[in-house]
1. Which of the peptides 8-17, 29-38, 53-62 is most tightly packed, and how do the rest follow, going by the mean number of other Cβ atoms within 10 Å of each residue?
2. What does the charge count around residue 29 come to, taking other residues whose C-beta lies under 14 Å from its C-beta (Lys +1, Arg +1, Asp -1, Glu -1)?
3. Only four residue types carry charge here, +1 at the Cβ of Lys and Arg and -1 at the Cβ of Asp and Glu. Report the dipole size of the range 1-66 about the Cα centre in Debye, rounded to the nearest 20.
4. Counting only protein heavy atoms, what percent of the accessible surface of the range 1-54 is carbon or sulfur at a 1.4 Å probe?
Amino acid sequence: MSQPTHPVTVRVMEKDYRIVCPAEEQGMLLRTAEYLNDEMAEIRRTSKVLSTERIAVLAALNITRQLLEGRELELPDDLENGELAGRIDRLLTAMEQH
């Protein structure tokens, strides 16, 4: 039998999102959305990035990096940090052009 779900409204970058999740996960969803909002707000404050989409991608990359570092995972040996940063920047630039 599936767990009952309930709608929860979270606010990220001054926009509301209605998300359905199990009642026991609502607290975690709210904390997660707050963390994401804080990360995105910090990027907006400290960079020239204007696009919400680009801010979201940068926040996702930052959070993923934090997760990977916390789990002591490493990038493949053939990728230097500068090379990875260049790849990410090229991907973000391409996204903004479309």
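1. My ranking of the peptides, most packed first, is 53-62, 29-38, 8-17.
2. Net of charged neighbours comes to -1.
3. 300
4. For the range 1-54, the apolar C and S fraction of the accessible surface comes to 55 percent.
The values are calculated or read from the model by the stated rules, or taken from the named source; none is laboratory data. Remember, it's a predicted structure, so these values are computed and weren't measured experimentally. Using ideal geometry, Cβ is built from the backbone for each residue, glycine included, and neighbour counts are taken over all protein chains shown. Note: areas computed on protein heavy atoms with side chains; ligands, DNA, RNA excluded. Shrake-Rupley method; radii C 1.70, N 1.55, O 1.52, S 1.80 Å.
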